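Heads up, the thing below is written out as structure tokens.
The values are calculated or read from the model by the stated rules, or taken from the named source; none is laboratory data. All values derive from a computational prediction rather than experimental measurement. Backbone-built Cβ (ideal geometry, glycine too); neighbour counts: all protein chains shown.
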Amino acid sequence: MDKNIIIQVICMIAIITGVYVLGSVNFLNINNFNIKLTGYSEINNCSNLSLDDTSECLRDELMTFFKFNLSQVGKKLTNEQLKESGAVCEQYSDWYEDNLINLGFKTKTIDIEGDDIAHRITLAWNSELNGGNYCMLDQLNYQCFQMGEINITKLKELTNEI
């Protein structure tokens, strides 16, 4: 397997593990949850679904108008501008977050920063933290996990292989 792919997978697992391990109630601000709506929330056909199905439904909706447009970095866009002009991970993560909050899920956006590049993803979970699940939404990709599904021992083995 290509080392770059292994590194990307390990980084993704590390982020999710970090959120899970460090994600105590205080860290995620579940009790004092601040809802920040940017005006992107308008999806109604994804309601009354499980988190996994909602993530897939929202991704399918996003696919109908997704356009990556690097010139939109740092801009606040209306829903119409997002659909017409395209956007970057920042606005698409906000779009996911707004719609997931509107549909009753908890969310947190995570910024991943490097020396000269940054990326934003959205994590979503249902209120059932004990035995519940969570999903990571990243532009046209999403992946869902059961709480506790990440095997720390396996993660350590993978990181030692590199």
Problem set entry | Residue satisfying all of: in the range 79-112; of a type in the set (D, E, K, R) and in contact with a Leu (Cβ under 6 Å, 6 or more places away or on another chain); farthest from N126 (Cα to Cα) among these | D98
For this session: For residues that are in a loop (DSSP other than H, G, I, E, B) and surrounded by 14 or more Cβ atoms within 10 Å (Cβ to Cβ), scanning just the range 76-90, find the one that is nearest to the chain's Cα centre (by Cα).
Result: V88
Exercise. Would it be correct to say that F68 is exposed (fewer than 14 other Cβ atoms within 10 Å of the Cβ) and at pLDDT 90 or above?
Worked result: yes
Problem set entry | Failed condition for L137, given (1) of a type outside the set (G, A, S); (2) surrounded by 17 or more Cβ atoms within 10 Å (Cβ to Cβ); (3) over 16 Å from D60 (Cβ atoms) | (3)
Exercise. Taking only pairs six or more apart or across chains, which ones have beta-carbon atoms under 8 Å, a first residue in the range 68-79 that is under 18 Å from L140 (Cα atoms) and among the hydrophobic types (A, V, I, L, M, F, W, C), and a second residue that is in a loop (DSSP other than H, G, I, E, B) and modelled with pLDDT of 90 or more?
Worked result: F68/G86; F68/Q139
Exercise. Can you pull out the residues in the range 91-128 that are surrounded by fewer than 18 Cβ atoms within 10 Å (Cβ to Cβ) and under 9 Å from the mean Cα position of the chain (by Cα)?
Worked result: T109, I110
Problem set entry | Matching residues, the range 89-106, being among the hydrophobic types (A, V, I, L, M, F, W, C) and either within 17 Å of D60 (Cα to Cα) or in contact (Cβ under 8 Å) with a residue 60 or more places away in the chain (or both) | C89, W95, L100, I101, L103
Exercise. Among (1) at pLDDT 50 or above; (2) over 17 Å from the mean Cα position of the chain (by Cα), which single condition is V25 missing?
Worked result: (1)
